[in-house]
1. Considering the chain as a Gaussian network with a 10 Å cut-off on Cα pairs, which listed residue, HIS401, HIS115, HIS148, attains the greatest mean-square fluctuation?
2. Taking the Cβ-Cβ separation of ASP305 and SER104 as r and a Förster radius of 45 Å, what is the calculated FRET efficiency to the nearest 0.05?
3. Give, as a single signed number, the net charge of other residues whose beta carbon lies under 11 Å from the beta carbon of GLU359, with Lys and Arg counted +1 and Asp and Glu -1.
4. Output the peptides 204-210, 183-189 sorted from most to least packed, where packing is the average of other Cβ atoms within 10 Å over each peptide's residues.
5. For the residue pair ASP118 and PHE175, what label-to-label distance in nm results when each label sits 7 Å from Cα along the Cα-to-beta-carbon direction?
6. I'd like the Karplus ³J(HN,Hα) series for the stretch 95-111: coefficients 6.51, -1.76, 1.60, θ = phi - 60°, whole numbers in Hz, and an x wherever there's a Gly or Pro.
7. Please report how far the C-alpha centroid of the stretch 315-338 lies from that of the stretch 43-86, rounded to the nearest whole angstrom.
8. What ³J(HN,Hα) values, in whole Hz, does the Karplus curve 6.51 cos²θ - 1.76 cosθ + 1.60 give for the stretch 306-323 when θ = phi - 60°, with x put for Gly and Pro?
Amino acid sequence: MSPARTPVIRIADLPGLVGSTVTLSGWVTHTRSSGKVAFVVMRDGTGTLQCVIVKTQVSAEAWEAFQALTLESSFTVTGEVKADARQVGGVELGVTGLAIIGPSALDYPIQPKEHGVDFLLDNRHFWLRSPRQVAIMRIRNEIEQAIHDFFYERGFLRVDTPILTAAIGERSGLFATEYFDEGNAYLAQTGQLYGEAAAAAFGKIYTFGPTFRAEKSKTRRHLTEFWMIEPEVAFNDTHANMDLQEDFVSFLVQRVVERRPAELKELGRDVETLKKVKTPFPRIDYTDAVATLQRKGSAVTWGEDLGAEDEALLVEDYETPIFICNYPKEAKAFYMKENPDDPRTVLCDDMLAPEGYGEIIGGSQREDDHDKLLHRIHEEGLPVEAYSWYLDLRKYGTFVHAGFGLGLERTVAWICGTPHIRECIAFPRMMHRLRP
Ligand code: 4AD
Ligand code: MG
């Protein structure tokens with residue numbers, strides 16, 4: 001029989017273990033020594049811990065091991081958990097034993113000094129270990145979990161849509177790859193069209209997956225690979241669609257405020273600003289938005305999509321996200337439903353986050369009229385064969401339906417208050433970055 005395994009203890013478990021002797025493993029973030037008493041600050045991904053080593057109270061091997069510790073060495077340490085209100089987590093460790101697992105070479109790239117962002121991105125595999133990056137990733141994870149909880153509680157079915165596709169979705173660039181004898185396959189820009197088919201099967205669905213855009217955009221809010229959450233609901237119109245979006249986004253923000261205060265504090269995020277994100281969010285017609293923008297000095301004209309600067313001008317008067325509704329047809333994708341009150345426009349909305357973070361959601365009621373949809377496909381010069389199954393959804397029991405796509409990294413960036421979305425995904429993919 002193999003010996004019983006002791007459970008692995010993590011730093012986050014220690015507040016409940018004051019007075020006991022534990023063994024933990026982790027990495028060195030900092031060491032200092034007076035010659036008789038030494039301190040090692042360690043991290044294990046769940047927290048940081050100060051370990052105190054008194055030379056006369058440990059073996060010669062343990063003291064030697066301490067002296068050999070370098071930044072980011074991995075090691076195992078045993079000691080008594082002691083309450084100490086001055087420490088993060090309220091505890092420190094009185095060390096009785098210490099052994100190195102893996103030494104770290106002295107030229108560890110990330111040192112406690114200012115590094116340029118390109119250098120940090122080249123060393124993303126290490127940069128991820130820093131407290132700020134850990135906080136962002138924990139908030140991202142909280143948001144992902146909240147997304148699943150929100151939809152599960154409301155009876156939505158999660159549908160995983162294909163990444164290799166023959167058909168297309170949005171207008172921006174496509175990544176192509178050879179696909180046996182079938183010609184090109186394209187990496188999905190959206191799961192929406194499949195989501196629409198699924199909505200007719202299951203009523204209320206959402207997708208949660210990576211999406212790809214070969215856009216040559218080098219802005220702070222564009223990635224070539226990003227994660228999108230796309231709900232699609234049978235019998236929702238554009239108004240119900242916006243109701244769902246505002247409930248969803250305010251749920252995500254309040255969830256982070258409630259459950260991730262330590263991470264928000266690490267990031268220096270103003271929590272009071274986030275607490276103001278309550279429904280309803282203002283719904284502004286595109287035509288009114290253009291008038292407002294022109295009054296504020298923008299050069300935008302009716303018919304154009306809104307750029308980042310225009311979006312920032314529009315949100316400056318609000319503390320919650322806002323909707324801009326019913327854009328001109330030519331500014332938006334072919335699948336959006338024509339607005340019966342103004343056929344120059346479509347029943348759609350962009351949700352713009354406050355504080356200048358810009359569009360986090362694009363949504364619309366879908367064109368459910370077969371002939372109008374076919375006409376739009378022709379107008380856009382899209383290959384009809386690729387969309388035949390999509391058109392079929394309008395031929396066999398067409399239905400009013402609406403949905404939207406939330407960009408995960410843009411949402412994380414806004415909630416974390418990080419200026420650039422490249423910090424909001426573990427390994428960002430951008431026009432000039434495919435490594436690490
Ligand atoms: O507005 P978009 O292009 O909408 C769609 O893809 C629809 N099919 C969604 C739907 O109705 N089901 O993209 C939706 C969101 C944007 O609002 C933005 O948050 C994010 O996806 N997004 C990007 N995020 C990072 N990098 C990019 N290049 C992005 N392009 C869009
Ligand atoms: Mg959009």
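Read-outs throughout are calculated quantities, based only on the coordinates presented, and are distinct from any laboratory measurement. Treat the numbers as computed from the prediction; the structure is a model and nothing was measured. Reconstructed Cβ throughout: ideal geometry from the backbone, glycine too, with neighbour counts over all protein chains shown.
1. It is HIS115.
2. It comes out at approximately 0.35.
3. -3
4. 204-210, 183-189
5. Result for the modelled spin labels: 2.3 nm.
6. Residue by residue, the stretch 95-111 yields 6, 10, x, 8, 9, 7, 9, x, x, 10, 4, 5, 8, 3, x, 9, 10 Hz.
7. Going from one Cα centre to the other spans 55 Å.
8. Whole-Hz 3J(HN,Hα) from phi for the stretch 306-323: 8, x, 4, 5, 5, 4, 5, 5, 6, 7, 4, 8, 10, 9, 10, x, 10, 9.
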